[in-house]
Structures are given as C-alpha cells and as structure tokens.
Amino acid sequence: MRALLEERYPEPHEVRTDRALYEYVHDVQAAAMKRAAPLATVVYDNRLHVIRGALGTHTTVARVQGKKLKTKREIRVASLFKQAPAAFLRMIVVHELAHLRVREHDKDFYALCTHMEPDYHQLEYDFRLWLLACEHAPEPPAT
Ligand SMILES: [Zn+2]
C-alpha cells in the first residue's frame, strides 16, 4: 500500500528545516490568499503525532501592546511530514492556513482548502492511507 501511494506521489520535498518550512508556508499563503495575515512562527514539531490526533496546529494569540492589539499567528506541522511526499506536506499546510480563516471543519473551510489545492480531498484521503501503511510497516530507524 505504501509503495503504491509513493508511486502515485513520487515527488519528495526539500523542506527539512523550520526556516525552509516558514518560507514554504509563506509562498503557499502568498499565492492563494489576498491580504494574508503574516505568520509569526512556522515550525516542525516532533511532539505532534498521530496518536494525539494532531498533525498540525494553528494558534492565534492576541496581545495588547501599548494601545495596539497585536495578533501573533503560529503554525506547527508534525515532524513526520519531513519524510512525507511533497503533496502531503502541501495538504497539511493548506489545511492549517485555511484554519487561520475558518476555525471549524465546515463547508467554508473545505471550500478554502480546495481553492488553495484543487486535489485537497484526494490528498487528505491518500495521506490517511499512507499514514496507516507507515504505521503497519515502519521503516527501520536511520543510522
Ligand atoms: Zn483541522
């Protein structure tokens, strides 16, 4: 199953560091969203894992600074995406960016996801299969 999916999504990505991830997310956001809110933090987080159900998180923290209300937006992506095909990294980034606008997984949310990535639903489905396949046949640890 995993081999089949990796055949369908053969393209790897080079987004290995937090800095590269920040730039990647920024590019996706700039291409898809007008008047996009700037992101304060974008990082890989190895504490996020499928067991806790979270593959990515997004937070918006509003703070009063002097007379201004400052909003700090943050996106965290589970570290397992470092090894995932490029298409799946794109899927999770689109998902978390969409959450900056729409909190719930409702119709508006998925409309925004498919606006950014027309294949969003297929990618999300295939990603779940890939994840299951990885868990059942884990790769030997890198030496
Ligand atoms: Zn979500």
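Order of 108-121, 72-85 by packing, highest average Cβ count within 10 Å first?
72-85, 108-121
Taking only C-alpha pairs under 8 Å that are 6+ residues apart, what is the relative contact order of region 18-143 in percent? Mind dumping the intermediate values first?
Numbers: 133 pairs, mean separation 24.9, N = 126.
Computed value for region 18-143: 20 percent relative contact order.
Report the FRET efficiency, 1/(1 + (r/R0)^6), for Ala31 and Thr71, where r is their Cβ-Cβ distance and R0 is 30 Å, rounded to 0.05.
On the way: r = 22 Å, r/R0 = 0.73.
Efficiency for this residue pair is about 0.85.
Could you sort Glu7, Glu124, Glu104 by accessible area so the largest value comes first, with the probe set to 1.4 Å?
Working: Glu7 140, Glu124 45, Glu104 115 Å².
Ranked from most to least accessible, the order is Glu7, Glu104, Glu124.
Could you work out the helix-only [θ] at 222 nm for the chain, with each DSSP H run of four or more residues adding -39,500 (n - 2.57) and the total divided by the number of residues, to the nearest 500 deg cm²/dmol?
Values: 5 runs with 63 residues, N = 143.
Mean residue ellipticity at 222 nm (helix-derived): -14000 deg cm²/dmol.
Given 4 °C and 1.567 mPa s, how large is the Stokes-Einstein diffusion coefficient of region 55-143 in µm²/s, with Rh as the Kirkwood radius over Cα pairs?
Details: Rh = 14.8 Å.
Here the translational diffusion coefficient equals 87 µm²/s.
Checking the cross-link filter: which lysines have an alpha carbon closer than 30 Å to that of Lys67, excluding same-chain neighbours under 8 positions apart?
In chain and number order, the partners are Lys34.
From a point 7 Å beyond the Cα of Asp119 in the direction of its Cβ, which residues of region 75-92 have a backbone N at a distance under 20 Å?
81-92, by backbone N distance to the label point.
Calculate, in nm to one decimal, what Asp106 and Lys82 gain on full extension: separation in residues at 0.36 nm each, minus their alpha carbon distance.
5.9 nm
By a straight-distance test (C-alpha under 13 Å), which aspartates and glutamates pair with Lys82 as possible cross-link partners, with residues fewer than eight away in the same chain excluded?
Glu11, Glu14, Asp18, Asp45
The values are calculated or read from the model by the stated rules, or taken from the named source; none is laboratory data. Worth saying up front: this structure is predicted, and the values here are computed from it rather than measured. Note that we place each Cβ from the backbone using ideal geometry, even for glycine, and neighbour counts take in every protein chain shown. Ligands, DNA and RNA are excluded from the accessible area calculation, which covers all protein heavy atoms including side chains. Shrake-Rupley method; radii C 1.70, N 1.55, O 1.52, S 1.80 Å.
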